[in-house]
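What follows is a set of notes on a single structure, which appears directly below.
The values are calculated or read from the model by the stated rules, or taken from the named source; none is laboratory data. Model, not experiment: these values are computed from the prediction. Neighbour counts are summed over all protein chains in view; Cβ atoms, including those assigned to glycine, are modelled from backbone coordinates with ideal geometry. SASA here: full protein model, heavy atoms, side chains in, ligands and nucleic acids out. Shrake-Rupley method; radii C 1.70, N 1.55, O 1.52, S 1.80 Å.
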Amino acid sequence: MYEHIKCEPVSIDVEAAVADTAHMLESWPWRGPATVPYALRPYIEGKRACDLGCGGGDLTWSMGRWAESVLGVELDATRYKRAVSYGSGINPLRQLDNVKLQRLDYFKDFPSADVYYFWPNDPNTMDKLVETIEQSGHKCLLAAGARLSFLDSERAGETLAYSKGPRSCRLLKHTDARGGKVLSFPFKEQSVIPEWPDEGTWVAALIPFKGYEI
């Protein structure tokens with residue numbers, strides 16, 4: 001399935017990306033890989049970006065180096081409180097004045113941006129987000145991230161088995177339906193969860209809405 005959708009490799013300085021998150025709030029995989037903002041740089045540079053489900057905001061602040069503005073949105077009260085109270089003096093990126101964090105249920109009050117980054121927890125959440133964007137009428141780009149194994153499983157028509165039950169992402173489904181493309185790029189950083197690998201390949205499905213050009 002979806003054999004016609006090829007992953008476009010992106011060359012990234014992995015060490016530089018990991019250095020960006022030094023003394024930040026969260027570690028992999030409580031957040032997405034530090035290489036994500038580097039891979040998305042051509043798409044967020046000079047744009048209004050939004051990190052949906054930003055947690056501690058590490059990637060949100062990293063995006064702020066290139067984006068015109070970045071909004072990090074987090075619904076979980078505990079993670080949001082930690083993020084906004086962590087302070088700005090430890091990592092230089094947290095001193096950027098074009099980055100804001102907001103506690104918000106984005107399914108009920110969808111924020112306005114040019115480019116959104118999202119790490120789907122399950123296929124139903126992915127479907128719901130796509131539906132929410134469609135209903136909002138925004139001309140925008142959704143960059144949805146996942147490990148490469150999720151795409152491999154989707155191509156095979158399978159789901160992945162995890163401790164919380166089978167999981168998939170449906171990234172290729174939505175990419176194909178809207179004429180998007182998929183980026184692939186490396187990550188390498190120490191995982192704080194033993195069953196998650198320290199290195200591998202991450203993907204970002206770029207899904208355009210309302211004629212957004214990529």
(Q) So GLY56 ticks every box in (1) open to solvent by less than 10 Å² (accessible area, probe 1.4 Å); (2) among the small types (Gly, Ala, Ser); (3) modelled with pLDDT of 95 or more but one. Which box is left unticked? (A) (3)
(Q) I want to confirm something. Restricting to segment 143-171 and keeping residues that are under 20 Å from PRO186 (Cα atoms) and not in a helix (DSSP H, G or I), which single residue is modelled with the lowest pLDDT? (A) CYS169
**Q.** Options TRP30, TRP66; residue that is in contact (Cβ under 8 Å) with a residue 12 or more places away in the chain, surrounded by fewer than 24 Cβ atoms within 10 Å (Cβ to Cβ) and within 13 Å of the chain's Cα centre (by Cα)
**A.** TRP30
**Q.** Where a residue in segment 96-118 is modelled with pLDDT under 95 and its partner, wherever it lies, is small (Gly, Ala, Ser) and open to solvent by less than 30 Å² (accessible area, probe 1.4 Å), with Cβ under 8 Å and at least six apart
**A.** LEU96/GLY64
Q. Since ALA19 meets every condition but one in (1) aliphatic (A, V, I, L, M); (2) open to solvent by 20 Å² or more (accessible area, probe 1.4 Å); (3) in contact with a strand residue (DSSP E or B) (Cβ under 7 Å, 6 or more places away or on another chain); (4) part of a helix (DSSP H, G or I), which condition does it not meet?
A. (3)
(Q) Among the residues of segment 119-139, are any in contact (Cβ under 8 Å) with a residue 60 or more places away in the chain, touching a helix residue (DSSP H, G or I) at 6+ places or on another chain (Cβ under 9 Å) and open to solvent by 40 Å² or more (accessible area, probe 1.4 Å)? (A) yes
